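A quick write-up on the structure given underneath.
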Amino acid sequence: MRRVSFVPLYDEYCLGVRYMSSVLQEAGHEVFINIFKGVEYISPTEVPPPDKQEEGGYYSMCTYITPKELEILLGLLKAQDPHLVGISFTSISYGLAKFITQQIKQALKVPVIWGGVDSTMNAEENIQFTDMICMGEGEYAIRDLVNAMDRGEDPDHLPSIWVNRDGHIIRNPSRKLEQNLDNYPFPDFELENKAVIIHEGISDSPYPPRSHLYTNFIIMATRGCPFTCTYCCSGHDDVMYKGDKFLRRRSVANVIAELKYRLRTWPWPIERIEFYDDVLPLNKRWIAEFAPEYATEVALPFFGYTHPNVGDPEILQYLHYAGLNYLIMGIQSGSQRTLRKYYDRRHPKEGTIRTVRNILDSGTKLLVDFIGYNPLELEEDNLETLDLICDLPRPIGIIKINPMAFYDNYKIFHLAHQEGILDKLERPKGVHALQAKPDPIYVFWEFVHTLAHFDGFTKENIVGLVQDQYLRQNPAILEELVTNLYMATYMDGNPVVRKEDYIQQLRWRVAQAEQNSIFRAYRKIKSLVA
């Protein structure tokens with residue numbers, strides 16, 4: 001038996017790590033998961049300002065570790081005495097991963113393996129800073145590695161594992177993908193052998209304080225994505241898994257079995273299910289089987305992610321019957337030039353509007369997502385996006401517009417080079433990506449686009465703002481207006497819940513309570529006392 005300690009950085013969901021943990025435990029090994037902070041803490045506003053940064057820590061643009069947190073992490077690892085440490089991270093935490101790995105190797109003298117999309121897409125660079133990297137999906141690769149270590153065998157020949165032998169790099173080919181996802185055990189969400197490092201201490205709970213996992217349970221019914229967007233890790237599956245079928249689906253029975261197990265064992269009442277699939281399952285036969293099973297056996301609201309080309313009314317009706325509460329759709333741009341030339345997406349305006357209408361007609365709420373801060377987009381591209389937002393059916397919510405990240409070695413990264421916009425980009429400290437240099441025009445377009453989805457503004461008025469040169473140079477005025485509108489329209493500014501819907505739900509609950517026999521008896525007793 002070997003002991004393995006995983007350290008997922010800024011990701012308490014860490015589904016890959018949790019699957020690997022279950023596979024390793026099936027093979028008889030002991031596994032610890034040490035969650036370092038969480039996804040809600042990835043933000044420049046969370047990082048201490050320069051005058052508060054302590055010597056001996058590491059501080060990047062949006063992730064960091066203090067000397068105290070480093071001491072806690074190293075203390076946990078020493079107590080666990082692992083034979084292998086696995087660092088799981090995204091490109092946003094690349095610099096932090098390098099720093100922590102260096103500290104672990106100095107303090108513990110234990111081999112360290114990296115995993116995640118960044119390690120797969122940037123393997124040649126990443127392998128220089130660690131002992132091993134795991135390429136692609138890691139369940140069987142990590143099992144074979146730990147089994148080999150247990151037998152005292154050299155891991156140099158193992159598929160999907162790259163090895164750094166004092167600068168000599170051994171590049172093994174990737175193993176074939178598991179096609180039957182039901183063969184995997186359920187991911188490890190058990191409470192044993194878990195720790196969360198947060199706020200310079202170890203949390204008493206198994207998740208960071210602001211985590212969605214206190215109310216949501218996340219699950220994936222599929223792996224892979226049918227689309228090949230240039231800026232997304234899933235759009236590179238054809239590169240990572242050449243010749244393999246990477247879009248795979250679990251059986252309905254397997255998905256329902258995991259959800260029923262979690263409903264029995266979750267330490268808090270689960271309020272909703274979050275399907276973490278890139279796009280909710282598209283197969284109508286699968287959905288037709290899933291909907292009645294979920295409605296009967298699970299019966300909780302759920303949400304998931306979708307695409308403008310996925311709007312079959314029959315599938316939407318099945319999902320709404322099952323309990324679909326809302327969908328998040330990545331539209332990303334209204335510009336057909338941007339979509340085709342730079343994003344490898346094909347959804348004309350008419351088709352996007354039709355899909356939005358189908359979703360709303362099914363009784364499902366919709367949040368939409370756009371990408372901004374992109375130097376590849378021109379004035380006319382932003383105008384075309386504004387035109388689309390103004391014409392989308394209502395009601396919809398807009399999630400805060402995401403700045404374009406030109407992740408190293410992604411297709412969008414190479415397009416930026418080809419288009420000659422590198423002078424408009426910069427590399428934030430610790431991030432394995434480029435982003436646009438600050439410019440008020442990006443902020444202006446973010447808040448003009450966001451403003452357009454609120455009721456009470458005509459298309460003519462919104463378009464009229466575009467020509468206001470003062471607003472273009474001083475977009476903070478628009479930012480304050482939009483911020484106030486979010487707080488006035490949505491509960492706590494969260495576009496998932498409109499205040500008017502929340503009030504209606506409260507009224508319904510009060511009406512239900514008034515029909516309760518205990519409540520009626522209370523009212524009668526109160527009237528007699530009065």
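Only the coordinates and a few stated rules stand behind these numbers; no lab work does. Everything numeric here is computed off the predicted structure, so don't read it as measured data. Because the Cβ atoms are built from the backbone with ideal geometry, glycine has one as well, and the counts that use them run over all protein chains shown.
Key figures for this structure:
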read-out	value
Mean shadow area of the chain over all directions, Cα convex hull, nm²	29.3
Alpha-carbon centroids, segment 109-178 and segment 286-358: separation in whole Å	37
Value at 222 nm in deg cm²/dmol, rounded to 500, when DSSP H runs of n ≥ 4 in the chain each add -39,500 (n - 2.57)	-12000 deg cm²/dmol
DSSP-defined antiparallel bridges as percent of all bridges, segment 3-183, nearest 5	35
Extension reserve of the Ala79-Met491 stretch, reckoned as 0.36 nm per residue once the Cα distance is removed	143.9 nm
Antiparallel %, DSSP beta bridges [both residues in segment 209-359], to 5	15
Whole-angstrom gap from segment 1-57 to segment 431-498, using each part's C-alpha centre	34
Charge context of Ile169, other residues only, Cβ under 12 angstrom, K/R +1, D/E -1	-3
Square roots of 5 times each gyration tensor eigenvalue, C-alpha, segment 379-450, largest first, Å	26, 13, 13
DSSP bridge orientation in the chain - percent antiparallel, rounded to nearest 5	30
For the chain, Cys with no neighbouring Cys Cβ under 4.7 Å	Cys14, Cys62, Cys134, Cys225, Cys233, Cys390
Length released on extending from Ile202 to Thr215, taking residue separation times 0.36 nm less the Cα-Cα span	2.6 nm
Contact order relative to length of the chain, as percent, for alpha carbon pairs under 8 angstrom and 6 or more apart	11
Prolate/oblate/rounded call for segment 93-157, Cα gyration tensor, a/c under 1.5 rounded	oblate
Förster radius 56 Å - calculated FRET efficiency between Ile421 and Arg272, Cβ distance, rounded to 0.05	0.85
Sorted peptide list for 410-419, 15-24, 439-448, criterion being average Cβ within 10 angstrom, highest first	15-24, 439-448, 410-419
